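**Student:** Before I ask anything, here is the structure I am working with.
No lab work stands behind these numbers, since they all come straight from the coordinates. Only a predicted model underlies this, so the values are computations on that prediction, with no experimental measurement involved. A quick note on method: Cβ atoms are made from the backbone with ideal geometry, for glycine too, and the neighbour counts reach across all protein chains shown.
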Amino acid sequence: MSGINTAGTFLMYSIDDGVTFLKMVDILGYPDMGSTPSKLDTTDLSALKFKTSVLGLQEVPDLTFEANYDDAKYDEVSALNETYTFQLQFGTDGVDGIFEWTGEVTIFAMGGGVDEVRKMQITCSAETEIVTV
């Protein structure tokens, strides 16, 4: 397969410890689901031209999503003040893949200008490793 369309991508959260998931908001895009690991320098004094290294740890990123502003959804997400299990589902019910993590969520209205759609930004912290399920 040459690729899969991004249509049908959903940001979900669970209020019952990962048993059932609800759609948080309709998102306009999604961030990288990981980060480049650090490189740990292993170069010794016998190296003449190139440094050597091994891969280190990855940072667990905060995941930022944009959505069109909706007052009711804004209030709903603002009320989420605990730790939740989140999923980014590719396709209906994650048929094309699911990324899952645990964290907290914040939301704010984004700045705007002339002739623009109002937007809001949702940030889901990643307090656990992001895994595929």
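**Student:** Under 30 Å between C-alpha atoms is the cut-off here; go through the chain and count lysine pairs that meet it, provided they're at least eight residues apart or on different chains.
**Tutor:** So the count of such lysine pairs works out to 5.
**Student:** Based on the Kirkwood radius over alpha-carbon pairs, what value in µm²/s does the Stokes-Einstein equation return for the translational diffusion coefficient of the stretch 67-133 at 20 °C and 1.002 mPa s?
**Tutor:** The estimated diffusion coefficient comes to 159 µm²/s.
**Student:** What does the charge add up to near G34, with Lys and Arg as +1, Asp and Glu as -1, over the other residues with Cβ less than 12 Å from its Cβ? Before the final figure, lay out the partial values.
**Tutor:** Details: positive: none; negative: D32, E59, E129.
So the surrounding residues net to -3.
**Student:** Using a Gaussian network model on the chain with a 10 Å cutoff between Cα atoms, which of L88, L22, L57 fluctuates the most?
**Tutor:** L57
**Student:** Kindly provide the helix-only [θ] at 222 nm of the chain, computed as the sum of -39,500 (n - 2.57) over DSSP H runs of four or more divided by all residues, to the nearest 500 deg cm²/dmol? Please list the in-between numbers first.
**Tutor:** Values: 1 runs with 8 residues, N = 133.
Taking each H run of at least 4 residues, the total per residue is -1500 deg cm²/dmol.
**Student:** In a solvent-free Debye calculation with one equal scatterer on each Cα, what is log10 I(q)/I(0) for the chain at q = 0.09, 0.13, 0.19 Å⁻¹, listed in the order of the q values?
**Tutor:** Cα-only, vacuum Debye calculation for the chain: -0.36, -0.64, -1.09.
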